[in-house]
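Enquirer: Below is the structure I would like to discuss, written out as structure tokens.
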Amino acid sequence: MRGIVFALFGGAFITLQGVANSRISQDIGTWQAAALTQLTGFLIALAVLFFVRDGSWQGVKRVKPIYLMAGALAAIIIFNNVTAIHRMGATFTISAVLIAQLCMTFLVDSNGWFGVVKKKMKLPQFIGIGMMVAGVIILKF
């Protein structure tokens, strides 16, 4: 149950961040908004780290270097979300983002990428993604 709550909060905050970044970018520019968002996110994460202290920096040595670049993807995410919101609006953008996330997660799970345990995808998963795509198409018209 707690996982669902965290997922719902994560989804809500991703949406709020996208809409806020879109608004910020109108005043200062898209890449500036991405940089500002990354900076404020880093500062908040660093502040929380000082209070929580739930891990160890020594573990960084065991992480594959390519995975250490994952944070850089956030700049690309922010740029794409902001640009899409400007062109299509928040609702349609977030709908498309959710489908893209599901499709990419589908590939990660079914191929076992990043050390994830491979999962066999069955008809219900394909139907679910198809229903979401149909829902977005209906939403657009």
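Enquirer: Inside region 27-38, can you point out the residues that are part of a helix (DSSP H, G or I) and either touching a residue at least 40 places away in the same chain (Cβ under 8 Å) or among the small types (Gly, Ala, Ser) (or both)?
Expert: Result: Thr30, Trp31, Ala33, Ala34, Ala35, Thr37, Gln38.
Enquirer: Taking the residues in region 12-31 that are more than 14 Å from Thr93 (Cα to Cα) and hydroxyl-bearing (Ser, Thr, Tyr) as candidates, determine which candidate is most open to solvent (accessible area, probe 1.4 Å).
Expert: Restricting to residues being more than 14 Å from Thr93 (Cα to Cα) and hydroxyl-bearing (Ser, Thr, Tyr), the top hit is Thr30.
Enquirer: Here's a follow-up. Where the second residue is open to solvent by less than 90 Å² (accessible area, probe 1.4 Å) and the first is of a type outside the set (S, T, N, Q) and lies in region 55-68, which pairs have Cβ atoms under 8 Å and are six or more apart or on separate chains?
Expert: These pairs meet every condition: Leu68/Val60.
Enquirer: Being out of contact with any helix residue (DSSP H, G or I) (no Cβ under 6 Å at 6 or more places or on another chain) and farther than 25 Å from Tyr67 by Cβ is the filter here, so list the residues in region 93-119 that pass it.
Expert: Passing the criteria: only Ala96.
Each row is one residue, and each column tells you yes or no for (1) farther than 19 Å from Ala12 by Cβ; (2) part of a loop (DSSP other than H, G, I, E, B); (3) assigned by TED's automatic domain parsing to the domain that holds Ile14.
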site: Gly71; (1), (2), (3): yes, no, yes
site: Ala74; (1), (2), (3): no, no, yes
site: Thr83; (1), (2), (3): yes, no, yes
site: Val97; (1), (2), (3): no, no, no
site: Ala100; (1), (2), (3): no, no, no
site: Thr105; (1), (2), (3): no, no, no
site: Val108; (1), (2), (3): yes, no, no
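Enquirer: Taking the residues in region 61-119 that are touching a Lys or Arg at 6+ places or on another chain (Cβ under 8 Å) and of a type in the set (Gly, Ala, Ser) as candidates, determine which candidate is least open to solvent (accessible area, probe 1.4 Å).
Expert: Going through the qualifying residues, I end up with Gly112.
The values are calculated or read from the model by the stated rules, or taken from the named source; none is laboratory data. Please read all numbers here as calculations on a predicted model, not as lab measurements. Cβ coordinates were reconstructed from backbone atoms using ideal geometry, including for glycine residues, and neighbour counts include every protein chain displayed. SASA here: full protein model, heavy atoms, side chains in, ligands and nucleic acids out. Shrake-Rupley method; radii C 1.70, N 1.55, O 1.52, S 1.80 Å.
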